[in-house]
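Only the coordinates and a few stated rules stand behind these numbers; no lab work does. These numbers come from a predicted model, not from an experiment. Glycine also receives a Cβ, built like all others from the backbone with ideal geometry; neighbour counts cover every protein chain displayed.
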Amino acid sequence: MTPHHILPLTTLLACLWAGATSSGETEGFALEPSDENVAASRLEGEWVMESALCHRLWESVVRTRERFEFRPDPKVAEQVPARVVAMFDGQRAFQSGVMTRNEVEHPYLLLSLHGNPYVIWFREVDGDPFGDLEGFNLMVVRAERREDDLLFLGGDFNNQPFLAYQRSEHQGALEALAEDPRETLMGHWETLDHDGQLSVAILNDGTVVPYHLGRPPTASDAGSWTLLNATTAQVVLDGQTHTVTIESPERLLWTTTDADGIVTEIELGPRHSH
């Protein structure tokens, strides 16, 4: 949702922002709660990513340990600056409060935009808690038991898949916060001894792009990789099969066995980190 998947509001809201008052005066946002609003009635609480559903909805996404908490607070609506109120003139807010995203708190409003439940949230800029405005579509699916509810978060526009979250109190939910080895593998790695022997980018779409060819790589140069277990991946590149062992977030061991049974081991580190 890198991730990292929630995108900043772009052209539409930028234009609205430009047309709004530049005054820093606090005007307050009209808050009209409704018990029949499904999102508002079930959004409160802590949510963590649901890996299986995330990959069903967005196959290439790399699971993260992202978590959200929504704490309703009607006083937040009263603190919204006039410039933001002007952007959403006539809009009804069903809820306001504090959203904690990966341990950082942000004021938020739950609205309806283009007929969809929509959260606008604010990032602090120069001491102003409402300094930067962002947003995302969301859907809440109410379950028979509250702990089984599901939350789906999309982008700022209807242009990307949603990601799925479950309540932290759901059985086994917090186990999903364990580190995913794919997160360590993703990136551009190169030989630690600087001799340029091997330089590869391991991408979240299951491909490996080599940069040690003496020329810019092309699509035909790409290989593939598969995670075998929590510490090992298999890479097929240049017609050879290689084993990649995660020794630490800063070190991979790239092992190749040739046709004569000769084993070659190469230590890799993140590019530009050494």
FRET efficiency for Glu103 and Arg215 from the Cβ-Cβ distance with R0 = 41 Å, rounded to 0.05, comes out at 0.40
Remind me, what semi-axes does region 181-270 give for its equivalent ellipsoid, largest first in whole Å, using sqrt of 5 times each Cα gyration tensor eigenvalue? 17, 16, 14
Please work out the FRET efficiency for the pair Glu27 and Arg123, using the Cβ-Cβ distance as r and a Förster radius of 22 Å; give the result to the nearest 0.05. 0.65
First measure r as the distance between the Cβ atoms of Asp73 and Ala52, then evaluate 1/(1 + (r/R0)^6) with R0 = 30 Å and state the FRET efficiency to the nearest 0.05. 0.35
So how far apart, in nm, are the two label points at Ser41 and Glu267 if each is 7 Å from Cα heading toward Cβ? 6.0
Between Glu175 and Ser112, what length in nm is gained on full extension when 0.36 nm per residue of separation is reduced by their alpha carbon distance? 19.4 nm
Paramagnetic reach from Asp89 (point 7 Å along Cα→Cβ, amide N under 19 Å) across region 108-131: 112-114
Kirkwood Rh and Cα-based Rg: tell me the resulting Rg over Rh for the chain, rounded to two decimals. 1.08
